[in-house]
1. Multiply the residue separation of residue 197 and residue 47 by 0.36 nm, subtract the distance between their alpha-carbon atoms, and state the gained length in nm to one decimal.
2. Report the net charge of residues surrounding residue 80, where surrounding means a beta-carbon distance below 12 angstrom and charges are Lys +1, Arg +1, Asp -1, Glu -1.
3. Just subtract the alpha-carbon distance of residue 187 and residue 243 from 0.36 nm times their residue separation and send over the number in nm, one decimal.
4. What residue among 89, 178, 166 shows peak mean-square fluctuation when the chain is described by a Gaussian network model with Cα springs under 10 Å?
5. Over the chain, what is the relative contact order in percent, taking alpha-carbon pairs closer than 8 angstrom and at least six residues apart?
6. Where a ≥ b ≥ c are the square roots of the eigenvalues of the C-alpha gyration tensor, would you call the range 137-226 rounded, which needs a/c under 1.5, or, failing that, prolate if a/b is larger than b/c, or oblate?
7. Considering just Cα atoms, how many Å³ per residue does the convex hull of the chain enclose?
8. Tell me what the chain gives for mean residue ellipticity at 222 nm when only DSSP H runs of n ≥ 4 count, each as -39,500 (n - 2.57), the sum divided by the residue total, rounded to 500 deg cm²/dmol.
Amino acid sequence: MKISHVQHLIATALVCALAHALSSFTIAHAQSAQPKKDSTVNADVLKDLAPTGKLRATINLGNMVLAQGTPDAPRGITVDLSRELARRLGVPVEFRCFDAAGKAFDAFKAGGLDIIFLAIEPVRANEIAFSAPYVLIEGVYMVRKDSPVKSNDEIDRAGMRIGVNLNSAYDLFLTRTLKAATLVRGDDGIAVFAKDKLDAAAGVKQPMAIYANSHPDVRLLGGRFMDIQQAMGTAKGREAGAAYLRAFVEEMKASGFVADALKRSNQPDAAVAPPAS
């Protein structure tokens, strides 16, 4: 059957219209997939927080409250906050993961990273402009089940040896505050406590409780010896970026984002920090 000239023109028009529609859909879809920049973000904030055109986030996988998963597929509250911040900045996010807070801090000081999630500490504040805390974590002691020690007040005595993670927030805190006890530092304070038969271990409540539940020869002391104030930060001197982070954290707490992120990552014992005063 021959196709008339009119039919040919109609068919051609339909093909062109379909091609145009598909092209428009593809472009719109691609545009919608791009991060949507917050209209309040100015050039100085972008220069401070994403100078390379992407947000390079420092993630500590050594703290199970803050992050879980693997370096290739991290998850948790710090990952969620990084992604939301990157979305508002209108840039992609890149994660650099470490297995300890001290290692994350050292890498951040060396440069090439834009934001970091760490507990607020005076030593760190020399290098980092911190936000107010977004979550509070308890620092607790663990002792052997037959230990005569019954309370946190009995820990700081001559002869007491305490295992801690090197350069962790509680290592820095106890270094400042203990008068008589001795800190024994390692990559894993609990492992040092067990291997060297120390008198106590100090650390974040959640992993300490998991260890104690599977080791009947140890127990946690009641209460806490410190509140570990986890915050976001950027390098000192990035004033516009630091101010934006401070406002961002307050909004994330007030909106319920932090509470929801903790719930999604199964961290019910961590508390959302109160609003900044």
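Every number in this text was worked out from the coordinates using simple rules, so none of it is lab data. This is a predicted model, so every value here is computed, not measured. Note: ideal-geometry Cβ built from the backbone for every residue, glycine included; neighbour counts use all protein chains shown.
1. Value of the extension gain: 49.0 nm.
2. Charge balance in the 12 Å sphere: +3.
3. Extending this stretch completely gives an extra 16.8 nm.
4. Comparing 89, 178, 166 in the GNM, the peak value goes to 178.
5. Relative contact order of the chain: 23 percent.
6. Judged from the Cα gyration tensor, the range 137-226 comes out rounded (a/c under 1.5).
7. 186
8. -12500 deg cm²/dmol
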